[in-house]
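Note sheet for the following structure.
Nothing in this text is a laboratory measurement; each read-out follows from the coordinates by a stated rule. Given the structure is predicted, the values throughout are model-derived calculations rather than measurements. Ideal geometry is used to build each Cβ from the backbone, glycine not excepted, and the neighbour counts take in all protein chains shown.
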Amino acid sequence: MDKNGIVFTRPRDTVSFFAGLFIAAFGILPLLVKFDAIGTLPSFLSGLPFAVAVWVIAVAGLYVVIDGFIEPPAHGLHWFLIAAGLVLFLVGLLPVLHSFGVIGMSFGFLDNLVLYHSVITIEGILLLVGGLTEH
C-alpha cells in the first residue's frame, strides 16, 4: 500500500491532532493577547479563571502520557511523550492537590497564568506532533 497520501494512520492520531489543535489554541490565544499580538480574547476565553487552566493542564498532561504509551515503543516520540506528559501532568496536578488540601506545600512559582498558558501550548503542540506521526 502506498502511504504517500496518508496523514493520519489511526483514529487515535486524528483525535490527538484535533485535541492538540484545540488545546494549543486554548494556550496560545491568551499568550498572544498578553504580548499585544492580537486585540482581545473571545468572551468565552477571557473569563476563564486560573483554576480552569490548572485542570486543563492536568487532564491534557495525562492525555499526552496516554498518547505516549500508545505510540509504538520503537518510535522516537514514545518515551519523550511519556516523560513530557508526566511532567506536565504533575505541573497541573500539584496546584489541584494543594487546593483540595491533600498536600500542604504551595507552589508560588506556579501561580503565573503566562506559565500555564505556555504549558498548555506545549501540550497542544506535543499532541499535534504525536497526531501527525506515521507508524
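Some notes on this structure:
- Calculated FRET efficiency for the pair M105/V52, C-beta based, R₀ 25 Å, to 0.05: 0.70
- With a simple spin-label model that places each label point 7 Å from the Cα along the Cα-to-Cβ direction, the separation between K34 and L90 comes to 2.2 nm.
- When peptides 84-93, 66-75, 116-125, 31-40 are sorted by average Cβ neighbour count within 10 Å, with the highest value leading, the order is 116-125, 84-93, 66-75, 31-40.
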